[in-house]
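Participant: Pasting a structure here, questions to come.
The values are calculated or read from the model by the stated rules, or taken from the named source; none is laboratory data. Because the structure is predicted, anything quoted here is derived from the model rather than measured. Note that each Cβ is placed from the backbone with ideal geometry, even for glycine, and that neighbours are counted across all protein chains shown. For the accessible areas, the whole protein counts, side chains as well, though only heavy atoms, and no ligand, DNA or RNA atoms are used. Shrake-Rupley method; radii C 1.70, N 1.55, O 1.52, S 1.80 Å.
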Amino acid sequence: MSTTTLPGSKSNGAPPGGRRPRHTPKGRQVDPVALDEVQALLGARERRRDLLIEHLHLIQDRYGHLSAAHLAALAMEMKLALAEVYEVATFYAHFDVVKEGEQAPPPVTVRVCDSLSCALRGAGSLLRDLPGQLGGNVRVVRAPCMGACDRAPVCAVGHVQVFNATPETVASAAKAPPHSHAFATANDLARYRLSGGYTLLGDCLSGKRSRDDLIKIVSDAGLRGLGGAGFPTGRKWALVRAEPAPRLFAVNCDEGEPGTFKDRYYLEQDPHRFIEGMLIAAWVVKAPDTYVYVRDEYPEVRLLLAQEFEKVAAAGLAPHTRLHLRRGAGAYICGEESAMIESIEGKRGLPRHRPPYVAQVGLFGRPTLEQNVETLFWVRDIVEKGAAWFTGHGRRDRKGFRSFSVSGRVKKPGVVLAPAGVTARELIDEFCGGMADGHAFKGYMPGGASGGILPASMADEPLDFGTLEKHGCFVGSHAVVILSEQDDMKAVALNLMKFFEDESCGQCTPCRVGTEKAVTLMAKGPWNPALLTELSTLMRDASICGLGQAAPNPLLCVLKYFPDELSKPLRQW
């Protein structure tokens, strides 16, 4: 058959329309070198979707950033759409995504915490002075709370923190960046068992103790969730147990609330008391898998837990549940239980709409028990010593113990174990050695960044669940920041609102836009109480989760309790 070439047409073998066939598939091409590098890093690890964040950490740790080539290779290796990988990588603050044509960041990054406790101790000066002193091979960026408020100001050189930081100590660390390493705890597995540790767990696993008995004991003791919400622990265990199997367990070690560091303290000082409480809770709800989510700002704690989990498994202490350690990536919102669950699943940490609650539909769609570190830390003592021992402590009709993270203008900041119902004035005078030299007590934050601000004239209110809500405040995670006459309450509220602006997940408009508008209005001044109150009401009523709902609390407290400061110019530290 002969062919005829029409006038004006091409005879070079191109199909009708003049298009040449593609020599490569559509979409971003995978660099074979990058693919080899990613495959070498992943090794024999599973390529499951829920491990995406863990695999991103492997690349970030090895190369100091996430290049476009490595992200495309990871997407291919995990059989994910490139958009899925990018949306996760760009959500978390500790991932440095470098797009095509962009320059990679310097080999060393110094993060300077500028949350309130560090701001009070000179973080602003560090942010101003360090870039000039460290030179161009070191990147200096601001960062939110690192959970070391008692040793402020804090900087992180890579992943290792420098406490009570000065330009000299940070410069020294930046010249030879230290590496995170697991440290020997004063209470390791062998020593913990010598003191009777894991005897209670053994009684549970052998049938000497019943699940109903344990639920009754923790309920009679009034043990509550100590991460902020305060939900009764025994009731939560019973609710999750009533759901169909298989049930899962998620442990929240992501205390990102500015001013909070008590979980870190307990994990460093006595990790096995926490681990035993966790294993008992997993046994109570019959959870075959337990996921422990640790914030990325605590690398030593994460490596310590990994080390001790291996010892526990080798000793046969966890035959009833598999332990999985998950690493956060710098997102305060992942302290919210449903956002944490999304992150464990390898996704962006976006809070879920409720109902259903995580006790019904949680991790991987299964009923899930979610608990805080300190809550689990108390389980062994309460069960062994009895509910009456726990309820025998307390002041002003409150019962039990509370762990307070105290920072700010006190002589001895740190974790304070005090009777429930203690007051801020008692914390200062009895437990923290009084106010720091040269400072007079002016006000305090009873519950971290979201708990509001109260004046010193209200420092005799008991600090416990349900006692401060009538004043527009709450104790939350029991993070108490003490403020003095040298502190501008408007600057305090602005610092906290900037934190919420940065940490908003962006899912809902009232929080995403509301925090931004509030920062603009507060920084520009003069403050307009009516407008700021209207904006706060909108954020409280319409935000999806507690971040946007609680973000206006410090602002509203300044309007209510410190009106004399509204007309004064804004003072920074």
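Participant: If you restrict to DSSP beta bridges whose two residues both lie in the chain, what percentage is antiparallel, to the nearest 5?
Facilitator: The answer is about 40 percent antiparallel.
Participant: Using the Karplus curve 6.51 cos²θ - 1.76 cosθ + 1.60 with θ = phi - 60°, what ³J(HN,Hα) values do you get for each residue of segment 429-440, in whole Hz, with x for Gly and Pro?
Facilitator: These are the phi-based 3J(HN,Hα) values: 7, 8, 10, 10, x, x, 6, 4, 4, x, 10, 10 Hz.
Participant: Hey, can you grab everything whose amide H is under 5 Å from the amide H of K442? Only 5+ residues off in sequence or another chain; H modelled, so Pro and N-termini drop out.
Facilitator: L483, S484, E485
Participant: Let me have the 222 nm mean residue ellipticity of the chain computed from DSSP H runs of 4+ only, each contributing -39500 (n - 2.57), with the sum over all residues rounded to the nearest 500.
Facilitator: For the chain, the value works out to -11500 deg cm²/dmol.
Participant: Here is a follow-up. Over segment 367-488, what is the relative contact order in percent, taking alpha-carbon pairs closer than 8 angstrom and at least six residues apart?
Facilitator: Answer for segment 367-488 is 23 percent.
Participant: If the cut-off is a Cα-Cα distance under 23 Å, which lysines reach K412, setting aside same-chain residues fewer than 8 apart in sequence?
Facilitator: Cross-link targets: K262, K442.
Participant: Tell me the carbon and sulfur percent of the accessible area for segment 494-545, rounded to whole percent, probe radius 1.4 Å.
Facilitator: 54 percent
Participant: Taking 1 over the mean of 1/r across every pair of different Cα atoms in segment 488-573, what Kirkwood radius in Å do you get?
Facilitator: It works out to 12.6 Å.
Participant: Quick one: angle between helix 299-314 and the longest Cα principal axis of the chain, in degrees between 0 and 90, rounded to 10, please.
Facilitator: Rounded to the nearest ten degrees, it is 90.
Participant: Moving on to the next point. Could you tell me how many degrees, from 0 to 90 and to the nearest 10, lie between the Cα long axis of helix 509-524 and the main elongation axis, the longest principal axis, of the Cα atoms of the chain?
Facilitator: So the helix axis and the longest Cα principal axis differ by about 70 degrees.
Participant: Assuming a ≥ b ≥ c are the square roots of the Cα gyration tensor eigenvalues, decide whether segment 212-364 counts as rounded (a/c under 1.5), prolate (otherwise, with a/b larger than b/c) or oblate.
Facilitator: Rounded, because the longest to shortest axis ratio a/c is under 1.5.
Participant: Quick one: which of K399/K498; K236/K490; K399/K517; K286/K385; K286/K347 span more than 31 angstrom between C-alpha atoms?
Facilitator: K399/K498; K236/K490; K399/K517
Participant: Please sort 58-68, 529-539 by packing, taking for each peptide the average over its residues of neighbouring beta carbons within 10 angstrom, highest first.
Facilitator: The most tightly packed comes first, giving 58-68, 529-539.
Participant: For V97, enumerate residues with amide H under 5 Å from its amide H, sequence gap 5+ or separate chain, H modeled in the peptide plane.
Facilitator: Under 5 Å from the amide H of V97 lie the amide H atoms of L66, each far enough along the sequence or on another chain.
Participant: Report ³J(HN,Hα) in whole Hz for each residue of segment 355-364, in order, from the Karplus equation J = 6.51 cos²θ - 1.76 cosθ + 1.60 where θ = phi - 60°; Gly and Pro get x.
Facilitator: Working through the residues one at a time gives x, x, 8, 5, 5, 9, 10, x, 5, 6 Hz.
Participant: Near K311, which aspartates and glutamates are there with a Cα under 20 Å away, not counting those fewer than 8 places off in the same chain?
Facilitator: Qualifying aspartates and glutamates at Cα under 20 Å: D188, D203, E268, D270, E276, D289, E300.
Participant: Using modelled amide H (1.01 Å from N, peptide plane; none on Pro or chain starts), what sits under 5 Å from the amide H of G408, excluding residues fewer than 5 places away?
Facilitator: Distant-sequence amide H within range of G408: I482.
Participant: Mind jotting down the three principal axis lengths of segment 293-358 based on Cα atoms? Whole angstrom, largest first.
Facilitator: 41, 27, 15
Participant: Roughly how many Å² of Y265 are accessible to a 1.4 Å probe, to the nearest 10?
Facilitator: 100 Å²
Participant: I would also like to ask the following. Tally Lys/Arg at +1 and Asp/Glu at -1 over every other residue whose Cβ is under 12 Å from the Cβ of M497; what's the total?
Facilitator: Neighbourhood net charge equals -1.
Participant: Residue by residue through segment 450-466, what is 3J(HN,Hα) from phi via Karplus (6.51 cos²θ - 1.76 cosθ + 1.60, θ = phi - 60°)? Round to whole Hz and write x for glycine and proline.
Facilitator: 9, x, x, 9, 10, x, 4, 5, 10, 7, 9, 7, x, 8, 7, 4, x
Participant: Just the number please: accessible area per residue for the chain, 1.4 Å probe, all protein chains included, in Å².
Facilitator: Normalised by residue count, the accessible surface of the chain is 42 Å².
Participant: For segment 171-307, what relative contact order do you get, as a whole percent, if you take Cα pairs closer than 8 Å and at least 6 residues apart?
Facilitator: After rounding, I find 35 percent.
Participant: For the chain, what is one quarter of the convex hull surface built on the Cα atoms, given in nm²?
Facilitator: For the Cα atoms of the chain, the hull's average projected area reads 34.6 nm².
Participant: Okay, next question. What percent do you get for the relative contact order of the chain when only Cα pairs under 8 Å and 6+ apart count?
Facilitator: Over the chain, the number comes to 12 percent.
Participant: How much accessible area does K517 have with a 1.4 Å probe, in Å² rounded to the nearest 10?
Facilitator: 110 Å²
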